[in-house]
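Down below is the structure, laid out as structure tokens.
The numbers here are math on the coordinates, done by the rules we state, and not lab data. Keep in mind that this is a model prediction, so the values were computed, not measured. Reconstructed Cβ throughout: ideal geometry from the backbone, glycine too, with neighbour counts over all protein chains shown.
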Amino acid sequence: MAHVPTEVRRQQLIDAAIAVIARDGVDGATTRRIADEAAAPLATLHYCFQTKENLLWAVFEHLADVVRINVEKVTGPGQTTVAIATQLLTEAVRWGLDNPAATRAQIEILLWAERNDNAFAVRVYDMFLKTWKGYLAGARSALPDDELETVTRMIVAMLDGLSLQLFTHGDEKRILREVETAEAMLTAYLRKRRR
């Protein structure tokens, strides 16, 4: 059997974890199932990540990076807060529609963490809040810190809710219509706050 470089194997295991978690949930995603999905020895998974929790964190970091790269294509400094906020929401939902297994894995990990390891769940949410807040802070006329925090949390809450609705109903057209409504709500709120 040919040697697989550690970084390549790590990514294979992360991709396998996403697939297994999306299919079986976190509790059903045993390290053995993940290793089997990656066609890797179980010992290699433990060598690369030591624990299942470390693998879950690596999955979340990977997915956050992928979403961040996708979002950065459309958001940039110097735009209005309204433009950035609505683009964040729209692009994150579009990414979720294009990557349903990854989105489901994110939700599964977050729900598992909330039930089993609250500190892990807080770390995950804080990572998203910090990232989204960073985009909004780059607006042409940035919001005051307290409003920035509120708007960021509302965008994340909308994303969570829209994702759960998508998985529950499976109606992509409905979600896209609801994204438009969410954008209109964000726009109205932000324009009112700026007066």
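Points to keep in mind about this one:
- Cβ-Cβ under 6 Å pairs, at least 6 apart or on other chains, the stretch 1-26 side more than 14 Å from residue 60 (Cβ to Cβ), far side among the acidic types (Asp, Glu) and assigned to a helix (DSSP H, G or I): 16/37; 19/37; 20/37; 25/108
Here's the yes/no breakdown for (1) under 15 Å from the mean Cα position of the chain (by Cα); (2) on the phi > 0 side of the Ramachandran plot; (3) not in a helix (DSSP H, G or I):
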| residue | (1), (2), (3) |
| --- | --- |
| 105 | yes, no, no |
| 108 | yes, no, no |
| 122 | yes, no, no |
| 141 | no, no, yes |
| 152 | yes, no, no |
| 155 | yes, no, no |
| 165 | no, no, no |
| 186 | no, no, no |
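- Residue match in the stretch 107-126 (condition: β-branched (Val, Ile, Thr), surrounded by 15 or more Cβ atoms within 10 Å (Cβ to Cβ) and farther than 19 Å from residue 62 by Cα): no
- One residue stands out among those in the stretch 1-33 that are over 20 Å from the mean Cα position of the chain (by Cα) and not in a loop (DSSP other than H, G, I, E, B): the one that is farthest from residue 164 (Cα to Cα), which is 6.
- The stretch 76-103, residues that are crowded, with 20+ Cβ neighbours inside 10 Å and within 17 Å of the chain's Cα centre (by Cα): 85, 86, 88, 89, 92, 93, 96, 102, 103
Okay, residues lined up against (1) touching a helix residue (DSSP H, G or I) at 6+ places or on another chain (Cβ under 6 Å); (2) of a type in the set (A, V, I, L, M):
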| residue | (1), (2) |
| --- | --- |
| 62 | yes, no |
| 74 | yes, yes |
| 94 | no, no |
| 122 | no, yes |
| 130 | no, no |
| 134 | no, no |
| 139 | yes, yes |
| 146 | no, no |
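- Any chance residue 45 is closer than 20 Å to residue 125 by Cα, buried (at least 18 other Cβ atoms within 10 Å of the Cβ), of a type in the set (A, V, I, L, M) and touching a helix residue (DSSP H, G or I) at 6+ places or on another chain (Cβ under 9 Å): no
- Pairs linking a residue in the stretch 128-146 that is surrounded by 11 or more Cβ atoms within 10 Å (Cβ to Cβ) to a residue that is basic (Lys, Arg), with Cβ atoms under 7 Å and 6 or more positions apart or on different chains, are 129/153; 131/68.
- Any hit, the stretch 56-64, residues being outside any helix (DSSP H, G or I) and among the charged types (D, E, K, R): no
- Qualifying position, being aliphatic (A, V, I, L, M) and touching a residue at least 60 places away in the same chain (Cβ under 8 Å), among 124, 67: 124
- Out of 134, 78, 138, sole residue that is more than 17 Å from residue 26 (Cβ to Cβ) and touching a Lys or Arg at 6+ places or on another chain (Cβ under 6 Å): 78
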